Every structure is written in C-alpha cells, then in structure tokens.
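This report concerns only the one structure given below.
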Amino acid sequence: MYLALLVIFLQCSELYAQTNVFTFNKVEIRVQPSVKVKNGAPMSIICHADISKNTDFQLKHNFTFLKDGKLVFMTVSDKEDARYEIPVARSADTGEYECMVQTGGKKGFSNPIDVWVAGMTKPILTANKKEVSEGEAVKLRCELPEEVPPLEFVFRKIKTNSAAKEKRVPEKNQNFSEVEFHVEEGDNILQFDCYGKRQVRSGSERSQYSNSTLVAVKEPFIKPKLITRPSSSNVTEGDQIEFECSTEVADMRGIEIIFQKNRTILNSVRDKKSLKYSTVATQEDSGEYLCKVEQGAVSKTTKLNVFVSELFPKPTLSASMTKLDENKDLKLRCSINGFQRANFSIVRKSPSGDILLKNSRELTIKVNVNDTGNYTCKAEVKGIVKESKRVRINVYAPVSKPVLSVASGSPEVVLGKPLQLICHSAMGTPPITFTFYKGDEIMKNVTNDTYATFLDEDTGLNDNGGYKCDARNNHSSGVKTSNIVNITVIVPIRDASFGSFPFGEVEIGSDTAFLCSVEEGSWPIDFKFFKKTDHEVLLHQVREYSNRTIWHKRTMKRKDTGTYYCVASNRASVDVKSRPITISVILAAWQKGVIAAFVLTAMAGAGAVALWWFLRKKKKAKGPSMEMSGSALAPNLTNEKLTRQPSDGNFYSGSGYIEDNENHMKSTDESKGPDLESAEVDYTEVEVSSLDPHRAPEQKGTETVYSEIRKTNNGK
C-alpha cells in the first residue's frame with residue numbers, strides 16, 4: 001500500500017515539474033535619473049528580468065550587480081526588478097555597470113551600461129604652521145573626503161608676481177596626501193592650495209581647488225651688503241683695494257660670511273656680522289665678486305663687479321730667430337709699447353722654476369742644443385710685475401748619416417713575405433724626418449725622434465736598385481743619405497718530382513738511380529731521400545746549386561724493396577715533399593736460369609728413377625697368363641704388325657712398333673673417346689718363334705715384342 005502511494009507521489013511530482021516551464025526573454029539595466037549624474041546627487045541602478053512562464057508560479061530571483069567586472073551589490077527578490085541605491089554619487093562610482101539574474105538553474109545577463117558621475121569632492125587643505133622662518137619647511141595635508149583611491153594630489157605654492165610651483169603626489173591606497181615645501185630666500189607671505197585628479201574610462205576627472213592657506217615668512221638675517229674702497233669703478237693697477245661684506249642678523253649663532261671671486265674663496269668668518277679683504281689691485285683682479293651669508297639651510301648672496309684699469313700693458317719678447325743651428329747667435333729683446341720706465345728681466349722656463357738669464361731688456365747668447373726651451377721677459381712698475389707670452393726657441397744639431405738595416409738581421413726575404421727596414425740616425429735634434437726609397441721610388445715619409453721603420457709588403461723578383469733612406473731635420477746642413485741595402489729575394493720550392501731508373505722492378509745486385517727535381521726555387525737546394533717504413537728513414541741528403549740531383553744506390557738487395565720519396569727545401573724554410581714511388585727488387589736473369597736448370601735436372605733424374613722402377617716391377621710380374629693375353633691381343637690390336645708381309649718377309653718390332661703403336665693409340669684414342677682415355681696400359685714381353693725356316697730370316701736368340709694391354713674402366 002505504501003509503495004503504491006510513493007509511486008503515485010513521484011508521478012505527481014514529475015507531472016508538476018513538467019508543468020513549471022519558464023525562459024528568459026531578456027535582462028535589462030538602467031540608471032535613474034540618468035547615466036550622467038552630478039557629484040553628490042542620488043543615483044539608482046535598476047535591473048529588470050523579463051521572464052515568460054507556462055503557468056502562474058512563483059520564482060526566487062538572485063540579482064547580482066557588477067561595476068567594471070567587480071561585484072558591488074547582491075539581492076534576492078520574488079519580483080522581476082531589483083534596485084542598487086547610491087544615495088550620494090561620487091566620481092569613484094563612474095564606470096561600466098551590468099547585472100546578472102539567476103533563478104531555477106538558469107541565468108540571464110544584461111548588456112553593460114556606462115555611468116558617469118561628473119565632478120569630484122572639493123579637497124580640504126591644512127598646514128602645520130602659520131608662520132615660518134627662511135630655510136624651514138611647511139608641511140601640507142590635502143584630503144578628498146568621500147572619494148575612493150587611487151587618486152592624484154597636486155599641491156601649489158603661490159608667491160606674489162611669480163609662477164606657482166607644483167608638486168604632484170599619487171596615492172593608491174588613501175584619499176589624502178602630505179607634502180613639504182621649503183621656504184626659500186625672498187619668500188615673504190606664501191599662499192598654498194591643492195586639487196585632486198582621478199583617471200576614469202573617458203579620461204580624467206579633476207576636482208576644484210581647495211581652500212587657500214596663508215603662511216607668513218620671517219627673515220633670520222637680511223641680505224648682505226658688499227662695498228669696495230676705492231669705488232669699484234675707480235681702481236687702477238697698484239692701488240690698494242679693500243672689500244667689506246656685512247649683514248644684519250637676529251641670532252648670531254651659526255652665522256657664516258664667505259667672500260669669493262668666481263669659484264675661489266678669498267676669505268670667510270663665523271659668528272660675525274661683517275668681513276673684510278684687501279689686496280694690491282692688478283688687472284687680473286677685475287671680475288665678479290660674491291658675498292654669501294649662510295645660517296642653517298638659509299643662504300643669501302650679493303654680487304659686485306670690479307674693473308681694474310691697466311697701469312701698463314704686458315711686455316713683449318722678440319727673438320732674432322726661433323729655429324737656428326747650434327753655435328749660432330740668438331738675440332732676445334723685451335719691450336713695452338709706449339712705456340719705457342720699467343724694470344726688465346729675461347728668464348727661461350724650466351720644470352723646477354724660472355731661470356734668470358739677465359736683468360735687462362736685451363740678451364745675446366751663442367746657443368747649443370741645451371738652450372732649446374721657452375723664454376719670457378718680465379716688467380715691474382710700482383710693484384706690479386707683468387710677464388710676456390712665452391717664445392719657443394729650438395736649437396738644432398745636424399743629423400748623422402743614417403744607417404739602414406733589416407729588422408730580422410738577414411738581408412734576405414722570402415718571395416711575397418713582408419720586409420721590415422729600420423732607418424736610424426745616431427745624432428741629430430728631433431724631430432727627424434726619414435724618407436724610405438725602393439730603387440728611386442719614394443715609399444714612405446716618417447717623422448720621429450731617432451729612428452723610423454718601413455714595412456714593404458710587396459717584395460718581388462723584379463725589385464732592382466736596392467733600398468736606402470734619407471734623414472733630415474731643421475738644421476741647415478740638409479739631407480743625409482744611407483748606404484744602399486740590397487735584398488736577396490728567396491723563391492720558395494715548388495712542385496718536387498721523384499723518379500728512378502730502372503723504374504718499378506730492379507734486379508738484385510744491380511744499381512738504381514733516383515732523381516729528385518723541383519719546378520722552381522732559389523739555390524742552393526737541400527735534397528733528402530727517404531724510404532717509408534714504420535717510420536721515416538733518411539737514406540741520403542745533398543745540397544745542390546741546381547734544380548735537380550741524382551743519387552745512385554749501389555747493389556740493390558731484397559730488403560731494399562719498398563716506398564721511396566724525396567723532400568726539397570731552401571732558405572725559405574718550406575719543405576716540399578714529392579709523390580712516393582714503389583721499388584720491387586727481383587731475381588736477376590742468370591739466377592733464374594740456374595734455378596730453372598736445377599729444377600729441370602732434378603725433375604729428369606726423378607723421372608728416370610721412376611721409369612726404371614716401373615719397368616723392373618713389370619718384368620717381375622711376367623707369366624703364362626700374360627703370354628695368353630699377348631697371343632690373344634695380337635690378332636686384335638696388332639694384326640697387321642704381327643703378320644709377315646709379302647714384300648720383305650720382315651716383322652715390325654722394336655722401335656718401329658713403338659712408333660706405329662703410338663700412332664695407333666692416337667687413332668684409337670680419337671675413335672674411342674673418353675672410354676679409352678681412362679684405360680690402363682700394361683706392357684709384357686712376347687716370344688715369337690720362326691714359322692718357316694725357309695722364308696724367315698735367321699734369328700739370334702729371342703726377339704722381344706712389346707704389347708699393350710688396355711684395361712678400361714668397365715673391365716672389358
């Protein structure tokens with residue numbers, strides 16, 4: 001029963017679920033009162049879900065509001081509308097809004113909408129002090145209440161009749177910022193304000209200026225005064241000039257006065273209100289002077305230009321010659337244009353100090369090379385000393401005859417290799433100009449102290465005339481020329497060839513001539529002959545004033561078989577190796593004849609012994625069976641040869657039998673073919689008695705006839 005009720009309940013639930021069908025038509029988002037809202041005004045973001053249902057049933061709607069992709073508000077409602085209320089809109093609320101509705105396992109999304117909150121909150125500016133002294137700092141705080149970071153704050157320092165100075169400070173995590181402004185010299189009453197900025201999607205949003213804050217500035221001391229005695233516009237060389245720098249200060253502690261010209265400090269005092277400095281005026285004292293008063297971080301300065309009139313111009317030193325030979329006379333004269341009343345002196349400059357030559361306006365000396373140097377003259381009037389410009393005097397000793405040498409020490413060079421030459425003069429005042437010649441052609445000019453080098457990178461066989469060099473300086477003696485240096489050009493070895501006679505095979509005991517030659521190369525040439533084994537074996541070497549050489553190797557032996565080659569070299573120090581050749585040492589013709597005769601003799605003796613042994617063995621095997629065999633064979637094999645002939649009545653026997661039998665065997669062999677070739681031949685003796693005493697010739701003893709008995713392989 002319960003089971004039946006459960007089934008009915010489930011079916012009803014399924015039918016109910018199938019009847020609740022809905023779908024999202026669209027989801028909309030809008031802004032009230034509009035998408036552009038003034039800062040501080042209320043604003044509402046409304047999300048509406050348009051849903052179609054098959055029946056009238058209730059749904060729970062989950063509304064989610066997003067700004068620039070971030071969650072800002074969530075709510076649950078039975079209605080198809082939801083509102084996100086912003087009572088006071090700020091610039092931070094500017095952005096892109098969208099909403100999402102979720103219900104019954106389904107989601108709907110609106111299109112995004114841009115909202116712009118125009119304007120920002122007015123910032124509030126405060127200062128930590130209302131009155132400061134020069135050199136101190138004012139700390140300011142600018143705040144944008146109800147604004148959300150990130151923000152940028154701009155602080156302004158405003159002075160009368162000058163442009164405002166700004167400081168910008170970005171703030172990522174707070175809606176306020178603090179900054180310090182240092183009070184400088186000349187600041188009196190300062191005015192400060194600030195404003196804020198924010199980056200939004202459409203660009204940047206800027207607030208209005210904050211309230212203005214005034215700060216009064218106190219001076220710790222007044223700007224210093226700088227005066228001269230006599231007046232700065234009425235100073236002449238030789239006058240005593242005095243400078244005075246003074247100030248008024250409220251607190252003497254830490255006060256310092258510094259007096260300087262350009263960047264040079266001339267005098268300074270501490271904890272005093274004034275400073276004095278005096279000197280004898282010279283023309284070099286003209287220029288700008290500066291008095292600076294410092295206390296802590298405060299610094300004030302006063303400048304004064306001073307012009308010192310010239311008492312007399314600088315003297316001029318003249319020389320009879322600036323470049324001259326040693327042992328010549330040099331005249332120096334010192335003068336002042338339009339001024340005669342002065343004390344003159346002529347000096348020579350040196351690293352250790354001035355060397356006084358004469359207290360006079362004129363000087364004449366006979367010079368040597370040690371007198372080379374810088375000369376000046378000095379003039380003194382009323383304690384003012386002025387010095388002329390330097391005059392350079394150069395005294396020259398003549399150059400010695402130059403020596404031209406090869407840097408390597410050898411007057412030889414390999415064809416195509418560079419050749420370095422050195423030209424040297426042992427004596428002569430520098431600078432010396434060296435000129436290198438190849439034949440009559442100028443190759444290079446070099447100016448140096450005592451020597452010069454030249455690298456000839458193009459040496460050839462046609463270089464004629466040798467090398468030489470010139471040396472000269474500013475001495476009047478002129479040019480000195482070296483001796484001519486002739487260079488030998490060494491041609492490297494090229495293409496070594498190797499051969500022999502006889503070539504290839506050589507008889508034992510004979511001589512062999514080896515020839516080694518080169519295509520080109522300077523003489524003498526070193527030839528070396530080698531035999532190639534497990535290591536290189538030097539057999540012969542010789543130096544020749546020729547492109548070829550022959551080496552005769554006497555009495556060749558079996559061990560001389562092998563591979564030979566030669567190597568050629570000369571002073572170019574390049575070894576050139578020939579291609580190898582192979583020599584085989586063989587027996588001589590007479591040695592071959594002796595060996596052949598010995599072999600043939602041995603073979604003939606062995607054959608005779610074998611024949612004797614064979615015949616003797618056959619003779620011992622003779623008997624009646626062999627006689628029958630012989631008589632039976634006679635009619636078949638030697639029918640014609642055993643029958644008496646009517647013409648002469650003689651019988652063929654002995655050698656005639658052997659000859660005819662040989663011919664018969666040849667014909668038989670040709671007719672029988674391979675059967676007879678494999679037959680065995682036995683020889684036996686046959687006794688023949690006289691048949692007719694009247695017709696037969698007289699016989700002495702027994703006549704032996706040899707008969708052949710052939711045994712074929714098949715036994716027939």
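The values are calculated or read from the model by the stated rules, or taken from the named source; none is laboratory data. Note that the structure is predicted; figures quoted are calculated from it, not measured. Glycine also receives a Cβ, built like all others from the backbone with ideal geometry; neighbour counts cover every protein chain displayed. Areas reflect the complete protein model, heavy atoms only, side chains present, ligands, DNA and RNA absent. Shrake-Rupley method; radii C 1.70, N 1.55, O 1.52, S 1.80 Å.
Project the alpha carbons of the stretch 335-414 onto their principal axes and report the range along each, largest first, in whole Å.
76, 23, 22
Take the Cα pairs of the stretch 468-560, get the Kirkwood Rh, then feed it into Stokes-Einstein at 25 °C and 0.890 mPa s and tell me D in µm²/s.
Roughly 142 µm²/s, to the nearest whole number.
Starting from one equal scatterer on each C-alpha and no solvent at all, send me the Debye-based log10 I(q)/I(0) for the stretch 398-483 at q = 0.18, 0.22 Å⁻¹, two decimals.
-0.71, -0.99
Tell me the Rg and the Dmax, in Å, that the Cα atoms of the stretch 414-538 produce.
Looking at the stretch 414-538, its Cα Rg and Dmax stand at 24.9, 83 Å.
If you wrap a convex hull around the alpha carbons of the stretch 357-402, what volume per residue comes out, as a whole number of Å³?
In the stretch 357-402, the Cα hull volume divided by residue count equals 79 Å³.
Show LYS349, LYS559 ordered by accessible area, largest first, where the area counts protein heavy atoms only and the probe is 1.4 Å.
Order by accessible area, largest first: LYS559, LYS349.
Enter the accessible area per residue of the stretch 177-246 (Å², integer; probe 1.4 Å; all protein chains in place).
52 Å²
Could you compute how fast the stretch 136-226 diffuses translationally, taking Rh as the Kirkwood radius over C-alpha pairs and applying Stokes-Einstein at 10 °C with viscosity 1.306 mPa s? Give it in µm² per second.
Reported coefficient: 108 µm²/s.
Determine the dipole magnitude for the stretch 354-416: charges of +1 sit on the beta-carbon of Lys and Arg, -1 on that of Asp and Glu, nothing else is charged, the reference point is the Cα centre, and the result goes in debye to the nearest 20.
It works out to roughly 440 debye.
Please compute the contact order of the stretch 115-205 in relative form: average sequence separation of alpha-carbon pairs under 8 Å and at least six residues apart, divided by the residue count, as a percent.
It rounds to 34 percent for the stretch 115-205.
Which of the listed residues, LEU311, GLY428, LEU415, is farthest toward the dipole's positive end in the stretch 290-440, when Lys, Arg count +1 and Asp, Glu count -1 at the beta-carbon?
Of the listed residues, the answer is LEU311.
For the pair ASN483 and LEU515, what calculated FRET efficiency results from E = 1/(1 + (r/R0)^6), where r is the Cβ-Cβ distance and R0 = 35 Å, to the nearest 0.05?
0.20
Any idea what log10 I(q)/I(0) is at q = 0.13, 0.18 Å⁻¹ for the stretch 266-417, Debye with uniform C-alpha scatterers and no solvent?
Summing over Cα pairs of the stretch 266-417 leads to -0.78, -1.06.
Scan around VAL574 for amide H atoms under 5 Å from its own, H built in the peptide plane at 1.01 Å from N, and keep only partners 5 or more places away or cross-chain.
Here ILE493 satisfy the definition.
Tell me which lysines have Cα within less than 24 Å of LYS438's Cα, excluding those fewer than 8 residues away on the same chain?
Output for LYS438: LYS401, LYS417, LYS468, LYS480.
Which GluC sites (Glu not before Pro) from the stretch 461-570 combine a DSSP loop assignment with at most 13 other Cβ atoms within 10 Å?
Sites meeting the loop and neighbour criteria: none at all.
Just to check I understand the Karplus step: with θ = phi - 60° and J = 6.51 cos²θ - 1.76 cosθ + 1.60, what whole-Hz values come out for the stretch 57-69, glycine and proline as x?
10, 8, 10, 8, 9, 9, 9, 10, 9, 10, 10, 6, x
Filter the cross-link list LYS276/LYS314; LYS314/LYS382; LYS349/LYS386; LYS314/LYS366; LYS218/LYS303; LYS331/LYS389 down to pairs whose alpha-carbon distance in this structure exceeds 19 Å.
Beyond 19 Å: LYS276/LYS314; LYS314/LYS366; LYS218/LYS303.
Taking θ as phi - 60°, what are the ³J(HN,Hα) couplings along the stretch 116-131 by the Karplus curve (6.51, -1.76, 1.60), each to the nearest whole Hz, with x for Gly and Pro?
Using θ = phi - 60°, the values come out as 10, 9, 7, x, 10, 5, 5, x, 10, 10, 9, 10, 7, 9, 9, 9 Hz.
Equivalent ellipsoid semi-axes for the stretch 53-175, as square roots of 5 times the alpha carbon gyration tensor eigenvalues: give them largest first, rounded to whole Å.
50, 13, 11
Can you check what the net charge comes to around HIS48, using other residues whose Cβ is under 11 Å from the Cβ of HIS48 (Lys, Arg +1; Asp, Glu -1)?
Local charge sum for HIS48: 0.
Report the trypsin sites (Lys or Arg not before Pro) located in the stretch 238-318 that are in a DSSP loop and have at most 11 other Cβ atoms inside 10 Å of their Cβ, or state none.
Those satisfying the criteria are ARG253, ARG263.
So what's the Cα pair-distance distribution over the stretch 285-342, bin width 10 Å, in %?
Going out from 0 Å in 10 Å bins, the stretch 285-342 shows 16, 22, 19, 16, 14, 10, 4 percent.
Do any of LYS528/LYS553; LYS129/LYS300; LYS129/LYS273 go past 18 Å between their Cα atoms, and which?
LYS129/LYS300; LYS129/LYS273
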